[in-house]
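Data first, discussion second: the structure below is written as structure tokens.
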Amino acid sequence: MSSARLRCIGLLGGTFSPIHFGHLRPALDIVEQLDLDEVRIIPAKLPPLRDKPCVDAAHRLTMVKLAIQSEPHFVLDSREFQRTDTSYTVDTVLSLRKELGESVSLYWIMGMDAYQNFTRWHQWQTILKLCHLVVAQRPNYSPAKNDPLKIYHRQNQADLLQTPAGYIHFVNVTQLDISATMLRQYRKENRSLRYLLPNAVNNYINENDLYR
Ligand code: ATP
């Protein structure tokens, strides 16, 4: 008897200040590789473990909307903006689980840089009980030699597709050496951001004179 495929939803959290092709293209690669039904893009209002973003939350939200407007697999999820406190991923995934139920496979997507800090995240063990992690390669970050989370690694996609949560899966994605830090720096140096992020986001940044 073959077991049914669960609905699969990717979750991509981040500061997105600004959102760029290094977020978008790897997320689309993951949709294709894991046959995801959708990816929720979840901007953090007040991200833990880093400084308060220098651009207003509303601008970051608008830039995400503009970036994903023509990609049907990407959906903006602004739930972290409805809270006033720090945006802990565990609270976000808990609220998604409540909303979507138990029979959906959830994949929290992150780059290798974020994964290297994962055991510093608030209640990371609970996060793993609520969703899978999908870790994307990122230029200049290599996998740790002795990963303490090795027991959770599963490279067989069939394992993930039949289970709602609990595994860590590594994916090869298009390597784009772009970071939001680099883009903010370019703006300070009066350099163009063209071809590093969607045109609509580039126009919005110029029109609102962001990151100067
Ligand atoms: P900053 O430079 O401000 O730290 P960032 O470009 O790393 O920002 P975030 O919003 O912090 O972007 O990242 C959100 C998620 O996207 C993280 O999991 C991060 O690892 C991943 N990510 C960001 N840029 C890339 C990239 N170029 N390739 C793969 N993953 C990326």
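The values are calculated or read from the model by the stated rules, or taken from the named source; none is laboratory data. None of the values given here were measured: they were computed from a predicted structure. All Cβ positions, glycine included, derive from the backbone under ideal geometry; neighbour counts span all protein chains shown. For accessibility, only protein heavy atoms count, side chains too; no ligands or nucleic acids. Shrake-Rupley method; radii C 1.70, N 1.55, O 1.52, S 1.80 Å.
Key figures for this structure:
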| read-out | value |
| --- | --- |
| Helix-only [θ]222 nm of the chain, DSSP H runs n ≥ 4, -39500 (n - 2.57) each, per residue, nearest 500 | -9500 deg cm²/dmol |
| DSSP-assigned coil residues among trypsin sites (Lys or Arg not before Pro) in segment 28-124, each with at most 11 further Cβ atoms within 10 Å | 50 |
| Which of 70, 87, 142 is most accessible, then next, and so on - probe 1.4 Å | 70, 142, 87 |
| Point-charge dipole on Cβ atoms (K/R +1, D/E -1) for segment 60-122, about Cα centre, debye to 20 | 100 |
| Where 37, 113, 56, 77 fall by accessible area, highest first, once all protein chains stay in place (1.4 Å) | 56, 37, 113, 77 |
| Listed residue (182, 125, 74) projecting farthest to the positive dipole end of segment 57-212, Cβ model | 182 |
| DSSP-defined beta bridges in the chain - what % are antiparallel, rounded to 5 | 5 |
| Solvent-accessible area of residue 21 with every protein chain in place, 1.4 Å probe, in Å² to the nearest 10 | 70 |
| Contour excess over end-to-end distance, with Cα ends at residue 102 and residue 154 and 0.36 nm allotted per residue | 16.7 nm |
| Three semi-axes of the equivalent ellipsoid, segment 7-206, Cα gyration tensor, whole Å, largest first | 26, 18, 17 |
| Segment 164-212, dipole about Cα centre (Lys/Arg Cβ +1, Asp/Glu Cβ -1), debye to the nearest 20 | 140 |
| Between helix 21-34 and the chain: long-axis angle, C-alpha atoms, 0 to 90°, nearest 10 | 20 |
| Rounded to 10°, Cα long-axis angle of helix 89-100 versus longest principal axis of the chain | 60 |
| Accessible carbon and sulfur surface of the chain relative to its total accessible area, %, 1.4 Å | 48 |
| Per residue, in Å², the accessible surface of segment 104-212 once ligands and nucleic acids are set aside, probe 1.4 Å | 55 |
| Segment 113-212: chymotrypsin sites (Phe, Trp or Tyr not before Pro) falling in loop per DSSP and having at most 16 other Cβ within 10 Å | 195 |
| Calculated FRET efficiency for the pair residue 188/residue 33, C-beta based, R₀ 30 Å, to 0.05 | 0.25 |
| Hits among aspartates and glutamates - C-alpha to C-alpha of residue 98 under 17 Å, sequence gap 8 or more where chains match | 77, 80 |
| The chain - charge dipole about Cα centre, Lys and Arg +1 at Cβ, Asp and Glu -1, debye rounded to 20 | 440 |
| Sequence-distant lysines (8 or more away, or on other chains) whose Cα lies within less than 27 Å of residue 150 | 129 |
